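Reviewing the structure listed below.
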Amino acid sequence: MPDNYVVFFEPVDTDEAETIVRKAVPTVDDISSRISRHEPLKYVTRGGLVKSTLVNSLFIRFYTGGKGFRSTERCTGCGSCVGMCPVDAISLEDGRPVWGGPCMQCLACLNRCSEQAIEFKGRTVGRRRYVCPFDDPSELRE
């Protein structure tokens, strides 16, 4: 994964993100194929158990949720953040986004806001946003 969690990391530039994503395609294809055939996955990374159990469970318990998000004066009230939220954690109130309970910190709203009008706890102010280098997944196989 490119470093796309801009709360903790400065995201990589678009060229580096493209390289990282293209390099991952064969692995993702293999994993997808194995899942389709109900085969066990062979991909285990060092520290994976610790990261996927301890770190992830602590992250979910203490760090997820909509508290800490805010819209800045650049917000136009377009509502695109509402539409892109995969867990419906954002609503518009008086033309401004408001974050609710089920937010999983995917940062789609923050990274994809065309006005860069969403910030998180001051940790993202002035930070570049991560933008996926591919609008269309078929571009990955060109």
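The values are calculated or read from the model by the stated rules, or taken from the named source; none is laboratory data. The shown structure was predicted, so the numbers you read here are calculated from the model rather than taken from an experiment. Cβ placement follows ideal geometry from the backbone for every residue including glycine, while neighbour counts extend to all protein chains displayed. Calculation scope for accessible area: heavy atoms of the full protein, side chains included, ligands and nucleic acids excluded. Shrake-Rupley method; radii C 1.70, N 1.55, O 1.52, S 1.80 Å.
Brief remarks on what is shown
- Distance between the 7 Å Cα→Cβ label points at D94 and E115: 1.5 nm.
- Cα Rg over Rh - the chain, Kirkwood: 1.00
- Percent carbon-and-sulfur accessible area, the chain, ignoring ligands, DNA and RNA, probe 1.4 Å: 55 percent
- When the square roots of the Cα gyration tensor eigenvalues are ordered a ≥ b ≥ c, the ratio a/c for the range 57-135 is under 1.5, which makes its shape rounded.
- Sorting I35, I90 by accessible area puts them as I35, I90; the probe is 1.4 Å, largest comes first, and only protein heavy atoms count.
- With each label modelled as a point 7 angstrom along the Cα→C-beta vector, the K42-F59 pair spans 2.7 nm.
- In Å², nearest 10: area of E16 left accessible to a 1.4 Å probe: 90 Å²
- Unpaired Cys in the chain, meaning no second Cys C-beta under 4.7 Å: C75, C78, C85, C103, C106, C113, C132.
- Placed amide H near F120: partners under 5 Å, 5+ positions off or other chain: V125
- For the chain, the relative contact order is 29 percent, taking Cα pairs closer than 8 Å that sit 6 or more residues apart in sequence and dividing their mean separation by the residue count.
- Only protein heavy atoms count here; under a 1.4 Å probe, E93 has an accessible surface of about 100 Å².
- Computed with a 1.4 Å probe on the full set of protein chains, the accessible area for D30 sits at about 40 Å².
- The count of lysine pairs in the chain that are at least 8 places apart or cross chains, and whose C-alpha atoms lie under 30 Å apart, stands at 6.
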